[in-house]
Structures are given as structure tokens and as C-alpha cells.
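Please treat every number below as a calculation from the coordinates, not as lab data. Predicted, not measured: the structure shown is a model, and the values here were computed from it. A quick note on method: Cβ atoms are made from the backbone with ideal geometry, for glycine too, and the neighbour counts reach across all protein chains shown.
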Amino acid sequence: MTYLLARVENFSRFDGENLSADPVMGYGRSGKVPHEIHNFSVASDGFIYGYLPKEGGGDLSRLGGYRGDAEVSNVTVIFISSGVLCGYYRNATVFSHPIRHPDKLEAGSSPIYCRVKVQPENAFLIPAGNRHDELQPRPSGQFPVLYGNEDSAWVGWFEGLVAGIQKTFRSEKKRRKWTNSVERSSKARAMALHKYGLRCECCKITHADNVRASIFEVHHKVPYAENFETRQLKISDLAVLCANCHRMIHRMPDISDVNALIAYLK
Ligand SMILES: [Zn+2]
Ligand SMILES: [Zn+2]
């Protein structure tokens, strides 16, 4: 197996899916739309097509292929931003020459070219609030991409981390399932509305009449990948939010933090 590590500096604030949100991946600061914005979005053909810095293609002999190959498969691609691990692909196919995104996507007004393709189940994006793992050892000097194999020190660093991250991903999946079932339960909704009233905890909107009060939803505030397996549902884990605020809080790095959303919306 071979490894390609790519620096995608605009990833520092990118949290996937939420392509219309502002600010994401530097929107609002530079005003430019970075090419890696689609690196974790599924294309209409069911694959993910990723942008890599232009140094990441060309001679594929560095990735276990032959000089002149058009593509090489079974590559682990690692994304680093500000020296921190943001996400990775397993069993990816890397192209020697950039291809146009199949959905003809653009960044701003320039076409997006991709150098890597992967099955969605092999693409892992670390949530923006959980990116703390600094590349070890730090390479000296500037590098847009690094090539490696099992013997590379930074590959050892990566594989060590991923063992832990995979566990977190599995646990997070279960946590989401639990949260979804709580939020859809009419009993939890009744409990939360009875306790907290017909008022959004975030934007403070209130409605008493039956029709307007239908905007209120119950939100389950269990933070990302916290050990919930033995945890019981508590009324203090519930919040009443309007449908707008509820949708937004699920896009925040920590879904348990209503105050963070209040501060964000100020
Ligand atoms: Zn609200
Ligand atoms: Zn919720």
C-alpha cells in the first residue's frame, strides 16, 4: 500500500456537506471558493472526486505504479491543513492527469479538476471541532505533497491515529442513531415542551397557539462521540429549539453547545 499526504490549507474550517454555509473553508475571508470544497461530497455517479495540489499527480511510480500509468489504485490519501490531520481516503485511485469533476462543478467560476477518486465509505472527514492531531514528524521545509509507504515515519504516525479514529467514527454513528430516535420520539418532545415551554432556547422565539408551536422541536444534546453507551436519557440532555435553530445546531462542531450557536448567530 502507498500513501500520499496532501496539504489542503482551506480545510481548516471545512466541515463537509454544508456547502452553502458561510463562512466555510475561508468563504468570507478571501471571497474565493477553494477547489477542495467538494472533496467529501458524493458526485452523481456515486463516487467522491477529490482535488489534490497539482504536485500530487504526474509520475505515479512514486505510488506503486509505473511511469506513464494513467492511474494507480489502492492509495491512502491523507489531508493536512495547518499541520493537522483533517481527513483521509482509503483505497483511493490517483490519476496522473487531472480530470474534470463529472458533475462539471466549479469553484467560483473556474472548473474543478480532480486527481483522486474514492468510494464514499472509504472517505473519512474528521469533524472540524475534533482536529487536533499534528503531523509527526514535522517535515522540514515546504511540501505540497509527501509520498510514503509502511516504512515512512509519518505513515506510522497516521496509522496509529487512525486505529483510534475508526473507533470514534463507529461510536459516533451509534450516537447519531440514538439522537435521531430521541428527537423523533413524541414522548421526548412532550417531556421537553412541558419542562422548557414553547420557546426556542437559541433565538427565544415563542408561540403558544397550536399551529405556530409546531415549529418547536426537541434537540438531544449529547456531544460528539462522548461515551454514551451506559448513559440514560435525561431531561437535561433535551432542549427545545425552533426548526431553524435546530437545523443549524446540527451543523455546529459541538451539537451539545446551544450557547455556541447563540454566539455564532450574534
Ligand atoms: Zn430558534
Ligand atoms: Zn437535534
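Figures for the structure shown
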quantity	calculated
FRET efficiency, A163 to N74 (Cβ-Cβ, R0 25 Å, nearest 0.05)	0.80
The chain, relative contact order in percent, only Cα pairs under 8 angstrom and at least six apart counted	17 percent
Quarter of the Cα convex hull surface for segment 175-265, i.e. its orientation-mean projected area (nm²)	5.6 nm²
Added length on full extension, which subtracts the Cα-Cα distance from 0.36 nm per residue, D209 to E172	9.6 nm
Additional length obtainable on full extension of the chain from H250 to M191, 0.36 nm per residue less Cα span	19.1 nm
Virtual spin-label span in nm between Q232 and Y66, 7 Å along Cα→Cβ	6.7 nm
Sorted peptide list for 111-121, 67-77, criterion being average Cβ within 10 angstrom, highest first	111-121, 67-77
Potential extension, V84-V42 segment - 0.36 nm per residue separation minus Cα distance	12.7 nm
Three semi-axes of the equivalent ellipsoid, the chain, Cα gyration tensor, whole Å, largest first	40, 20, 16
Scattering profile of segment 53-156 at q = 0.14, 0.17, 0.22, 0.23 Å⁻¹ [log10 I(q)/I(0), Debye over alpha-carbon scatterers]	-0.62, -0.93, -1.41, -1.46
Members of K167/K204; K117/K174; K117/K167; K167/K195; K174/K234 lying beyond 29 Å, as alpha-carbon distances in this model show	K167/K204; K167/K195
Inter-site label distance for N91 and S181 at 7 Å from Cα along Cβ, in nm	2.9 nm
